Amino acid sequence: MNPKLARRIGALQREMTIRGLDAIVFADRENLIYYAGATEIECLAVVIPALGEPIYCCLWLDAEHVEEATGGARLLPYRFPSSNIGRTIVAAMRELGLPAAPQVGFHKYFVEFAVFEEIRAAFPDIVFRSASEATYRVRAVKDADEIATMEAACDFLAAGMEAAVEAVRPGATELAVLAEADHAMRRAGSEGATFRMQVLTPHKQLRAHPCAGHDVIESGQAIVVHLGASLRGYSAKMCRTVALGSIDPATRRVHDVLHAAQTLAASMLTPGTVVSTIFDAVDALVDREGYGGRIIDHLGYGLGIRQSEFFPIVGKGLDHVLAADMVVDLLLPTILVPGVGGPRITDLYRVAEHGGRIMTRCPRALIEKP
């Protein structure tokens, strides 16, 4: 097996032993990218036992591709429709000698219902367990190749932001601006965003999950541009605010406070730091500036294959401890002031000895456009 994949599986197996899991079943794209080493994957699953080698379940047509990607791992190919992924996962679980009532972990996004039914019918006494924290913990610390890949994806974002700023003008729609940015990133080499990207006029900026639409941009608005790019399955993201003409001074002040808060939070991204201390420091700064209670409880998430991974989370009251070469995004939120809009600044940082090392390459100041 590919030595890098073997190390990843070994790290996961140590987490499994701590949690008393007999096996983990992955059939979701993000973990298959991580544990199979390929992005051109469909109809694939892997069963990882607490001890021993995993078994990869794949369509027979993809067996050669999966064998090459994994470096000669153990495969169990199947032919569809005479068989399917669910039955093959069951066969792999039996081949691995799992007990009659196994403790089996699944990731946050689980498996499709048909696969669940096959497993439950074959192992009626199975105990389904969450393995999400274990999987995100293993993926949290990046190796040199992962960091280089994400830095390359960050370069695509710079091309996209340049195109977006050029396209922001009175009369343009949010989608038209986004189209220019996406095209520029694709031409630079991006394999696409891993989330719904945002170009937002002010009235949408305080929503939880807005996205670019047909709203028309006007002079005097602060426009939020949140872009995503990817390379070989790894994500990157960046958010900037464009001031088109003369904007509300209250909006400009919120941006200034966010800039200071991001600078403070980034300086605390050091190995051994408990994430709640970062939140507390930012919360205190925001409170001193007169905006107490106007930020949400999470300031940023880990980043890697997924655009928002769930370890570490830089948030209120959380005990996640940072380690060198984790990658996080800061700041996720804006300061919530109704009627003022929600300017934002988001960058990727790598946790390092003397504070977060910024990976996104674009000036962080409010972007002024006449």
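The values are calculated or read from the model by the stated rules, or taken from the named source; none is laboratory data. Computed from a predicted model, the values in this text were never measured in an experiment. FYI the Cβ positions are ideal-geometry reconstructions off the backbone, even for glycines, and counts take in every protein chain you see.
For region 94-107, the criterion of being in a strand (DSSP E or B), among the β-branched types (Val, Ile, Thr), closer than 18 Å to Ala27 by Cα and out of contact with any Phe, Trp or Tyr (no Cβ under 8 Å at 6 or more places or on another chain) is met by no residue.
Quick grid of which residues meet (1) buried (at least 20 other Cβ atoms within 10 Å of the Cβ); (2) of a type in the set (D, E, K, R); (3) on the phi > 0 side of the Ramachandran plot:
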| site | (1), (2), (3) |
| --- | --- |
| Val115 | yes, no, no |
| Phe123 | no, no, no |
| Lys142 | yes, yes, no |
| Val177 | yes, no, no |
| Ala193 | yes, no, no |
| His209 | no, no, no |
| Ala212 | yes, no, no |
| Val216 | no, no, no |
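Considering Glu191, Glu146, Glu151, the condition of being charged (D, E, K, R), modelled with pLDDT of 95 or more and either assigned to a loop (DSSP other than H, G, I, E, B) or over 20 Å from the mean Cα position of the chain (by Cα) (or both) is satisfied by Glu191 alone.
May I ask you to list the residues in region 303-322 that are closer than 16 Å to Tyr109 by Cα and among the β-branched types (Val, Ile, Thr)?
Selection gives Ile305 alone.
Do we have His226 as part of a helix (DSSP H, G or I), under 26 Å from the mean Cα position of the chain (by Cα) and touching a residue at least 40 places away in the same chain (Cβ under 8 Å) here? Taking the combined requirement at face value, the residue does not satisfy it. Within region 196-205, is there a residue that is closer than 16 Å to Asp155 by Cα and among the aliphatic types (A, V, I, L, M)? There is no residue in region 196-205 that is closer than 16 Å to Asp155 by Cα and among the aliphatic types (A, V, I, L, M). Taking the criterion of being crowded, with 21+ Cβ neighbours inside 10 Å and free of Cβ contacts under 8 Å to residues at least 24 places away in the same chain, the only residue of region 7-43 that qualifies is Leu32.
When we screen Asp325, Asp329 for residues that are touching a Lys or Arg at 6+ places or on another chain (Cβ under 7 Å) and crowded, with 24+ Cβ neighbours inside 10 Å, the only hit is Asp329.
Of all the residues in region 341-370, those that are under 24 Å from Val224 (Cβ atoms), out of contact with any Leu (no Cβ under 9 Å at 6 or more places or on another chain) and in a loop (DSSP other than H, G, I, E, B) number 4. Right, Thr88: surrounded by 15 or more Cβ atoms within 10 Å (Cβ to Cβ), under 19 Å from Phe116 (Cα atoms), among the hydroxyl-bearing types (Ser, Thr, Tyr) and touching a residue at least 40 places away in the same chain (Cβ under 8 Å) or not? Yes; evaluated as a whole, the condition is true for this residue.
What number of residues in region 65-85 are surrounded by fewer than 15 Cβ atoms within 10 Å (Cβ to Cβ), within 21 Å of Ile9 (Cα to Cα) and without any contact (Cβ under 8 Å) to a residue 40 or more places away in the chain?
Number of matching residues: 1.
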